[in-house]
Amino acid sequence: MKKFSRLSVFGSVLVMACATLATTVIPPSFDDLVGRAEMIFQGTVTDVRSDWAGEGAQRHIMSYVTVKVEEAIKGNPGASVTLRMLGGTVGAETMEVADAPKFKVGDRDILFVENNGTQFVPLVGIMHGRFRVKKDEAGRDAVFTNEGSPVSDVTQLGKNEGAASAGRAMSAQALKQAIHAKAQAQSAQH
């Protein structure tokens, strides 16, 4: 019973610490998203699993989200990428990180990845590094934020979130073209 009690206290403290951190995340601008990402790709989630990691007081739940890469946009992600994220559910135990994206098999996303394996959520700006790809009413692949708001103006990301989501969702192709253009401009500056 003592072990469970310590685990519960540790988990509660960790969740509260992560919740505090997550609520203070400053939404990154589009420049920051593209510049900080080590790799950017579009893909489909093929597997989500959670396991215990660590020993004793450091024991915690990690989730492993495997994404089949459909299109590499920046970097060299390979055929698939497995994101290592803090939190998840193992048996009856759940550990959540506030504002962290929740993935399920079949999700289609454009992901901005940094520090996979060393950062508690390896997406630029936590939830801001995930753009959901869904069919819109016209049947085209359109882009939405992690929370489901349409992304209509990438130049307003991190500056004016209302304006970034004010219009019709842009196509996934338009977002990928904007990423390519921004990445080329940034590499030309260095």
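The values are calculated or read from the model by the stated rules, or taken from the named source; none is laboratory data. Quick caveat, the model's predicted, so the values are computed rather than measured. Cβ sites come from the backbone with ideal geometry, for glycine too, and all protein chains shown count toward neighbours. Each accessible area value is taken on the protein alone, full model and side chains, heavy atoms only, with ligands, DNA and RNA left out. Shrake-Rupley method; radii C 1.70, N 1.55, O 1.52, S 1.80 Å.
The figures follow:
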| read-out | value |
| --- | --- |
| Region 177-190 residues that are at pLDDT 90 or above and polar (S, T, N, Q), paired with ones that are in a helix (DSSP H, G or I) and open to solvent by 50 Å² or more (accessible area, probe 1.4 Å) (beta carbon under 9 Å, 6 or more apart) | Q186/D31 |
| So V105, is it open to solvent by 10 Å² or more (accessible area, probe 1.4 Å), of a type in the set (V, I, T) and farther than 23 Å from R59 by Cβ | yes |
| Residue count for region 122-161, restricted to those that are in a loop (DSSP other than H, G, I, E, B), touching a residue at least 60 places away in the same chain (Cβ under 8 Å) and surrounded by fewer than 18 Cβ atoms within 10 Å (Cβ to Cβ) | 1 |
| Residues (of a type in the set (K, R) and either free of Cβ contacts under 8 Å to residues at least 40 places away in the same chain or under 30 Å from A185 (Cβ atoms) (or both)) located in region 26-68 | R36, R49, K68 |
| The listed residue being in a strand (DSSP E or B) and not hydrophobic (A, V, I, L, M, F, W, C), out of Q42, Q119 | Q42 |
| Residue within region 88-95 that is open to solvent by less than 50 Å² (accessible area, probe 1.4 Å), assigned to a loop (DSSP other than H, G, I, E, B) and of a type outside the set (V, I, T) present | no |
